[in-house]
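**Q** My questions will all concern the structure given below.
The values are calculated or read from the model by the stated rules, or taken from the named source; none is laboratory data. Keep in mind the model is a prediction, meaning the values are calculated, not measured. All Cβ positions, glycine included, derive from the backbone under ideal geometry; neighbour counts span all protein chains shown. Side chains are part of the model used for accessible areas, which takes the heavy atoms of the whole protein and leaves out ligands, DNA and RNA. Shrake-Rupley method; radii C 1.70, N 1.55, O 1.52, S 1.80 Å.
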Amino acid sequence: MPGTTTNGVAERRRGRKVLVVGLIAAAILAAPVALAFLWITFLNVMSDPLGPSFLGLRIDGDTITVKTAQCPSDRVRRVELYDSDSEKLVWRADDPLTEEGRGGLLRLWAAEKYRTSRPATRPAELPKQLDVSVRYGSEDGAGAVFDLAAVRAAAPPAGSYWTTEGIRTGRELDQLLHCGGDKTTP
């Protein structure tokens, strides 16, 4: 086989080099794509609740009320509202003064019903997506994002609240929890 010794070996080496360099380049280019995919997957998992929403919302004219599922021994300590798009704090209130409020029925922008609240008055224009966070202690709490147009359009009947899973009564929200010895808190 004359003529294949030097040229054939050199061509195979070049072919292997091209293959190795191509594989390395593909791996380098694929790494950012794979990382972006993993990051997007992580964000989706973190933003989608694994279980039912423990918060409901209703709008009656100018009155907005949040109902949070909770066990009888839980007491609301703080409620915070954020503009979901800008993450700007819209309103915060601490320590409901009424038993109804401590028990999870929270009228928003009702300064007289809380030890402290700020700002005292409701903004002229509410955000389209309202992020609601309710705290019971230093670590326990519940949160949900509400599309205010969807809540208004749903028009839940008296004693009922719009949730991401549909309309539920306050009792149905509370029944989402297991309050016995293996208490699950929101």
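**Q** For segment 73-132, which trypsin sites (Lys or Arg not before Pro) are both in a DSSP coil and crowded by at most 14 other Cβ atoms within 10 Å?
**A** K88, K128
**Q** Pick out, in residue order, every one of the GluC sites (Glu not before Pro) in segment 87-116 that is DSSP loop and has at most 12 other C-beta atoms within 10 Å; say none if there are none.
**A** E87
**Q** HN-Hα J couplings of segment 108-116 from phi, Karplus 6.51/-1.76/1.60, θ = phi - 60°, integer Hz, Gly and Pro as x?
**A** Computed from phi, the couplings for segment 108-116 are 7, 6, 10, 3, 5, 9, 9, 4, 9 Hz.
**Q** Modelled label-to-label distance, D94 and L23, 7 Å Cα→beta-carbon offset: nm?
**A** 6.2 nm
**Q** How would S84, S133 rank on accessible area, largest to smallest, probe 1.4 Å?
**A** Sorted descending by solvent-accessible area, the residues read S84, S133.
**Q** Here's another thing I want to ask about it. Just to verify a number: FRET efficiency for R115 and A149, C-beta to C-beta distance, R0 = 30 Å, to 0.05?
**A** Computed FRET efficiency for R115 and A149 comes out at 0.40.
**Q** Moving on. Got a number for the accessible area of Y114? Probe 1.4 Å, square angstrom, nearest 10.
**A** Accessible surface of Y114 is approximately 10 Å².
**Q** Hey, can you grab everything whose amide H is under 5 Å from the amide H of F146? Only 5+ residues off in sequence or another chain; H modelled, so Pro and N-termini drop out.
**A** For F146, whose amide H was placed from the backbone, the distant partners under 5 Å are L130, D131, V132.
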